[in-house]
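Chemist: Starting off with a structure, shown below.
The values are calculated or read from the model by the stated rules, or taken from the named source; none is laboratory data. On a predicted model such as this, the values are computed, not experimentally measured, just so you know. Don't worry about glycine lacking a Cβ; one is built from the backbone with ideal geometry, like all the others, and counts go over all protein chains shown. To get the accessible areas, we keep the full protein, side chains included, count just its heavy atoms, and leave off ligands, DNA and RNA. Shrake-Rupley method; radii C 1.70, N 1.55, O 1.52, S 1.80 Å.
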Amino acid sequence: LRFQAKVYFDANGNRLRTLGTVMDITVYKALQQQKDDFISIASHELKTPLTTLKASLQLLVRMRENPNTVLFPKVIDQASRSMDKITELVDDLLNVSKINQGHVGLKKNWFNLSDMLEKCCIHVRESGSHELILEGDKSLMVYADEHRIDQVVVNLVNNAVKYAPDSREIFLGIKSLGEMVKVSVRDNGPGIPADKLPHLFDRYFRADERGTQVSGLGLGLFICADIVQRHGGEIGVESEPGQGSNFYFTLPLGEKEE
Ligand code: ADP
């Protein structure tokens, strides 16, 4: 509780009355605490790739005097991956602030869903960490914001890579549901406990028991849900511990009015 008092005096300086207010600031304090926690997590998450980037750059500076052709591409690669990580985190933060301010507009066009899925996941295919298997109707066209839907799929696939490192395959599915289309990203990873499922799409929520071992801010799925809902679709997940996870979202096939 916060107590505030205001004392009123007359022209001669005699006290007239005292007005006191008592406010319950529990919610305010909790929000403040959440904000503080978030800032420290975000700073920590940014610090890790920044430290790696700094170390890589220092190595490159030293290599100017002693060139090492074997190490050179590896260090460049490490620096570039750290930059990607930083960009990803900053993009997430910017996206969330845009969502909060209601500034996310959609730029829709017709595109082939299957081609988009192929293109946006090329980085996973090239890394060789997982095999990507595309299943379903390859001819489906949708009228949606291609860039934003690409962002949703990349987020779901990157999560499968991050949280299901031992899943050999990631299955991308396209299924027509009449007026809607369903896109799914399925892995054979560790799965998610039932009590965590209802909170997965909440802002800042992280279900990973290993905590800080896998980097992230708990914003990716929140951003995905916002994008999908803005399109008039739904996002969800089916998962059980030890049974992998199947993240899916639906989109209207083609509403052209906007
Ligand atoms: P972040 O990856 O930054 O934590 P997300 O919003 O993308 O944020 O994910 C929220 C949480 O959902 C993750 O922390 C993780 O615990 C869980 N999660 C997401 N995708 C998977 C997956 N494919 N397998 C297991 N857990 C997952």
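Chemist: From the square roots a ≥ b ≥ c of the eigenvalues of the alpha-carbon gyration tensor of segment 1-152, which class results: rounded (a/c under 1.5), prolate (a/b over b/c), or oblate?
Modeler: Oblate shape, in that a/c is at least 1.5 and b/c is the bigger or equal ratio.
Chemist: For a test of the definition: using alpha carbon positions, the gyration tensor, and the 1.5 limit on a/c, classify segment 21-74 as rounded, prolate or oblate.
Modeler: Judged from the Cα gyration tensor, segment 21-74 comes out prolate (a/c at least 1.5, a/b above b/c).
Chemist: Can I ask one more? How much length would be gained if the chain were fully extended between S97 and D166, taking 0.36 nm per residue of separation minus their Cα-Cα distance, in nm to one decimal?
Modeler: 21.5 nm
Chemist: Another one. What percent of all Cα-Cα pairs in segment 99-253 falls in each 5 Å bin, counting up from 0?
Modeler: Pair shares across the bins are 2, 9, 19, 23, 21, 15, 8, 2, 0.
Chemist: Just to check I understand the Karplus step: with θ = phi - 60° and J = 6.51 cos²θ - 1.76 cosθ + 1.60, what whole-Hz values come out for segment 61-73, glycine and proline as x?
Modeler: Along segment 61-73, the couplings run 4, 5, 5, 4, 7, 10, x, 10, 5, 6, 6, 3, x Hz.
Chemist: Take the alpha carbon gyration tensor of segment 209-248, find the square roots of its eigenvalues, order them as a ≥ b ≥ c, and report rounded if a/c is under 1.5; if not, report prolate when a/b exceeds b/c, else oblate.
Modeler: Oblate.
Chemist: Need the list of aspartates and glutamates near K182 for cross-linking: C-alpha distance under 17 angstrom, and skip anything on the same chain fewer than eight residues off.
Modeler: D115, E118, E135, D137, D145, E146, D150, D226, E234, E238, E255
Chemist: What residues have an amide H closer than 5 Å to that of L253, excluding those fewer than 5 places away on the same chain, when H is modeled at 1.01 Å from N in the peptide plane?
Modeler: M180, V181
Chemist: Mind listing which GluC sites (Glu not before Pro) in segment 20-117 are in a DSSP loop and have 13 or fewer other Cβ atoms within 10 Å?
Modeler: Here the sparse-neighbourhood loop sites are E65.
Chemist: Working out 0.36 nm times the residue gap between A207 and A194, then minus their Cα-Cα distance, what length gain in nm do you get to one decimal?
Modeler: Extra length available between A207 and A194 comes to 3.6 nm.
Chemist: May I ask you to give the solvent-accessible area per residue for segment 110-245, in square angstrom, as obtained with a 1.4 angstrom probe?
Modeler: Solvent-accessible surface per residue comes out at 48 Å².
Chemist: Then there is this: With the cut-off at 29 Å, tell me which of the pairs K29/K98; K35/K175; K74/K98; K107/K175 have Cα atoms farther apart than that.
Modeler: Over 29 Å Cα-Cα: K35/K175; K74/K98.
Chemist: Same structure again: Highest mean first, how do 18-28, 105-115, 126-136 rank when packing is the count of other Cβ atoms within 10 Å averaged over residues?
Modeler: In decreasing order of mean packing, 18-28, 105-115, 126-136 become 105-115, 126-136, 18-28.
Chemist: Moving on. Out of the total accessible area of the chain (probe 1.4 Å, heavy atoms of protein only), what percent is carbon and sulfur?
Modeler: Looking at the chain in its full context, I get 54 percent from C and S.
Chemist: For the chain, set up a GNM with springs between Cα atoms under 10 Å and report which of A79, A164, A144 has the largest fluctuation.
Modeler: A79
Chemist: Counting other Cβ atoms within 10 Å, keep those with at most 14, restrict to DSSP loop, and tell me which trypsin sites (Lys or Arg not before Pro) in segment 149-247 are left.
Modeler: R168, R210
Chemist: Go through segment 141-155 residue by residue and turn each phi into a ³J(HN,Hα) via Karplus (6.51, -1.76, 1.60, θ = phi - 60°); whole Hz please, and just put x for glycine and proline.
Modeler: 10, 10, 9, 7, 7, 4, 4, 6, 5, 4, 4, 5, 5, 4, 4
Chemist: Can you spot the aspartates and glutamates whose alpha carbon is less than 14 Å from K47's alpha carbon? Ignore those fewer than 8 places along the same chain.
Modeler: Within the straight-line limit of under 14 Å, K47 reaches these aspartates and glutamates: D84, E88.
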